[in-house]
Amino acid sequence: MEIQPKSDSLLILMLVGLAAGIFVLDLSIPRGAAIGVLYVVPLFLSFRFSQRTRVLLFAAACTLLTILGAIYAPPGSDLTYVVANRLLSLLVIWTVVLRYVQRSRQHAWQQESEGRLSAILRSAMDAIITIDDDQRITLFNPAAEQMFRCSADEAIGQPIDRFIPERFRHAHREHIRRFGETKVTNRRMGALGSVIGLRADGEEFPAEASISQLDTARGKLYSVILRDITERKRAEEALRESEERFKAFMDNSPTVAFMKDEQGRYVYVNQPFERRFSKVSTEWLGKTDEELWPPETARQFRANDDVALAGEAPIECVETVPDPTGGLQHWLVLKFPVTDARGRRYLGGAAMEITERKRLEAQLRHTERLAELGTLASGMAHEIGTPMNVILGRAEYLMQRTQEPAMKKGLETIIAQVERITKIMNQLLTFARRRPTARQPMDIRKTIEDSLEVVQERFRRHNIHIETDFEDSMPLVYADPDQMSQVLLNLVINAVHAMPEGGTLRLGLGLAGGQARMTVADTGHGIPKEDLPKIFDPFFTTKEAGKGTGLGLTVVHGIMQEHGGSIEVESEPGRGTTFTLTLPIHQAP
């Protein structure tokens, strides 16, 4: 029968009484009896003390009483026998005491560990659930209560299936069963794919989970740690949506955009970039400019990239890239450094093509130069024309007065050069003070034929053969007849100069794209490729010094623009030159 003392005081009285009774009994029996062993009985009762110190003090008191009993008990046995019995009693007493101390310490350590574990389980932010071999819940921490909205009292003893959606229950039980058959102590529960939990109110939620197993005397236990990742999933979904919106924005932007890493490898290009350069993103990503562009273009890109990455502010630059047609494209590029969350640096870039803007700027500069040149030409013609007329008049007067051959020859040279200067001045005046265009319906075929008639003698003298290809029933064009004659004569005379040893001049007339199309082609020496972009510039000429002013084609180009037409040139050195002109057709009211 287990005695339950009300307090340590009552227990002390009981122990004192028992110890005193055993001591009196010891004093009444010969000292050879092992009466000291009886002290073990009250000693066991002393284990009920709340303090271990009192047990040790009572054990010490029992030891003292055993020794006193050996001294004062009646003699009756051999001394060796008495000492042996008394030592045996003390050995039993202290063996029991030491065993108690050891178990007491273990119990205290266990209680402390359980306390720490309980504190951890209570304070853990993750849900911790322990289940037995039957997959019934044996532990349900506060975080699990909050996660599943169910108290521990309601959860403990219930099958874990209660907190798993029905469609996943069979797979979950099989996963735990197979896990229990392995030697693995823990595992992430990724084998189930996305782990879905079920709250007590029926709401499902995503979770990260890991499972561990432990063999105990009562059977196998499984511990599951769960983390609710609802907010993370929402954040990931929001991030994916944000990335998709950003990608849609960039792909529908009119701006070409790209990103490179610090090694110059492309890591992103948008769809306008792909379309503009006719390559899909897989052909760009992971490659450098040196692998994708001509060396000169790549060096240009790399130099600007280095400047942008070396600073913190965006830089703006104009870059030139080859055009698929063989020309050049001009791009205005904004480059700027980008640093991600991990501290890695990238180069971002946005570009806009400005080829047409560059062309218009060049055209504007050309127009401004022509305007300045016109003003200069008008002034020069006025300032030089009057003295030249005086010189010409005096030279002609002297020609009439002298009969000396040497003098006459010198005066003829003066007159010829003055006339040449006067002709140049007249061309300058024509260029600078072009009269208003008097456009009217006209037969361009007749104008061509009349222009050819004017220079027939030159054709014969230079051994030039004429070929024509005129379309029948050509409609009238809307142009100035005099200026069209000037255009044709300029081109035809240039063709004659290009064929000093003779050749073939071909003239064509037809319709193309709703406009009249004229061609003037020769088989002369041609124009070098590097000179073609400059042939319509004022004072540019490929003729020898003294044989051309460089204004003829400039005037022709201006006339064609004023008429809403165009003029283009194709040439190959040694094989001739072809001018192609277009004019609007007259639209009858």
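Structure above, values below:
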| read-out | value |
| --- | --- |
| Relative contact order computed over the chain (Cα-Cα under 8 Å; 6+ residues apart), in percent | 6 |
| Within the chain, helix-based [θ] at 222 nm, where runs of 4 or more DSSP H residues each add -39,500 (n - 2.57), nearest 500 | -16500 deg cm²/dmol |
| The chain shape via C-alpha gyration tensor axes, a/c threshold 1.5 | prolate |
| Dipole of the chain, positive end: most advanced residue of 388, 163, 254 [Cβ charges, Cα centre] | 163 |
| Length-normalised contact order for the range 254-353 - Cα pairs under 8 Å, 6+ apart - percent | 28 |
| Between the range 269-327 and the range 556-589, the Cα center-to-center distance that results, in Å | 37 |
| Mean-position separation - Cα centroids, the range 461-526 and the range 227-242, in angstrom | 74 |
| Label-point separation, residue 303 to residue 241 (7 Å along Cα→Cβ), nm | 4.8 |
| Cα gyration tensor, the range 8-120 - rounded (a/c under 1.5), prolate or oblate | prolate |
| Links that overshoot a 21 Å alpha carbon limit, given the list 287/335; 358/534; 247/279; 260/358; 233/260 | 260/358; 233/260 |
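Coordinate-derived values only; no laboratory data. These numbers come from a predicted model, not from an experiment. So basically every Cβ, Gly included, is an ideal-geometry build from the backbone, and we count neighbours across all protein chains shown.
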